[in-house]
1. What is the Rg over Rh value, at two decimals, for the range 206-245, using alpha-carbon atoms and the Kirkwood definition of Rh?
2. Subtracting the Cα-Cα distance from 0.36 nm times the residue separation, let me have the gained length for residue 228 to residue 295 in nm, one decimal.
3. Which FRET efficiency value, to the nearest 0.05, do you get for residue 129 and residue 63 by plugging their Cβ-Cβ distance into 1/(1 + (r/R0)^6) with R0 = 45 Å?
4. Quick one: compute a quarter of the convex hull surface over the Cα atoms of the range 272-316 and quote it in nm².
5. Determine the gain in length on full extension of the stretch residue 271-residue 254; use 0.36 nm per residue of separation and subtract their C-alpha separation, reporting nm with one decimal.
6. Check cross-link reach from residue 274 to the aspartates and glutamates: straight Cα distance under 13 Å, and skip same-chain residues fewer than eight apart.
7. Suppose we keep just the alpha-carbon trace of the range 1-119; what are its Rg and Dmax in angstrom?
8. Taking only protein heavy atoms into account and a 1.4 Å probe, give the accessible area per residue of the chain in Å².
Amino acid sequence: MSSINYIAFSTRNPSKHKCGDASFAGAIEISGEKVVLLLVADGVSKSPKDWLASLSAVDFIVEEIKQSKKPISEAMKAAIETANSKICAGVENTFGMLTTLSAVVYHPADEKLYWCNVGDSRILGWKNNEWHQLSTDDSTSMQYKENGKIKLQNGAPIMLSALTKAIGQDSALTININETAANEYKALALASDGFYDLTGFNHYASELAASADMEKKAAGIQSDIVSQIRDDASIAIIRLPGKRDFDLRSYLMEQNHSAIEPVDTLEVLEQEIKQAALNQDHEYLEKIIAFMKSNRLFYSKPKMIELLEHLIAHKSPMVHEMTLLIRKI
């Protein structure tokens, strides 16, 4: 799973005391199968303790799914149903809590995605340079009223979005698990409405998907959005393994090569750098480093230093250029 990159984080609305969102991304095992689990939950603020609702949903699902001996799809369904039942029954003497949920399990062995959503937190896949929504929002539009009267704006009723389904709403809630081929997408994102409603959502999600150091990129994104969010915001994102047949050498050595997404190269850059240094292929290595610089493709500092040491060990003339790259991190 070392070639699979993923991250999840929740950002609190500064005007609130506690974050009503919760998220999770981690490598786990289900019935002996190695998978990556991604979760995003958005507690309903009009119901009691939104922060406890979202956190409980995530904790219950992670705990339950790790213990399951069922096949992945059944384990996922059972874990979500258990979380729903427990929240319906009350947590820490708190009843009536509600939360949305988006859940994804990526199974590398069969290259499948198993996913489910309840409420209006979304699941989106990255392909053809765009984010495509896989999930369908469980919500409806309704007229906003004050003191029983419809509120108007410019003569037209103000419309609000209202959830039609949520975790904690009904102990008999129907949970449907969907299956999708993972090779259809280069990345997958789970986002609460506080995140996907951001003006820069496409930019933020795409930068995360293409980043070699997701943790560093996530820190920058959080500090950037905290001043503009109107609601708690959560995202969980996974970059799926790159194209196995992608030929970086042919791409870089062509005189007039076509446009490409940097995310396509992240899975092959490290090995290509090491092999080029070993083969004393200075021209190719120079083009690789120039490509990294122009596209701001950096691994974490420890990984970049490891690559630098490899160049030094093989007496590469590109040691200085790699050192300059590291100083930009």
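The values are calculated or read from the model by the stated rules, or taken from the named source; none is laboratory data. Not measured: the values here are computed from a predicted model. Here Cβ is always computed from backbone atoms with ideal geometry, including for glycine, and neighbour counts include all displayed protein chains. Just so you know, the surface numbers come from the protein's heavy atoms only, side chains and all, with ligands and any DNA or RNA stripped out. Shrake-Rupley method; radii C 1.70, N 1.55, O 1.52, S 1.80 Å.
1. Numbers: Rg = 12.6 Å, Rh = 11.7 Å.
Reported Rg/Rh (Cα atoms, Kirkwood Rh): 1.08.
2. Computed gain between residue 228 and residue 295 is 21.4 nm.
3. So the FRET efficiency works out to roughly 0.75.
4. Numbers: hull surface 11.3 nm².
For the range 272-316, averaging the hull's shadow over all directions gives 2.8 nm².
5. 4.1 nm
6. Correct list for residue 274: 286, 306, 309.
7. When restricted to Cα atoms, the range 1-119 yields Rg and Dmax of 14.6, 44 Å.
8. For the chain, the solvent-accessible area averages 49 Å² per residue.
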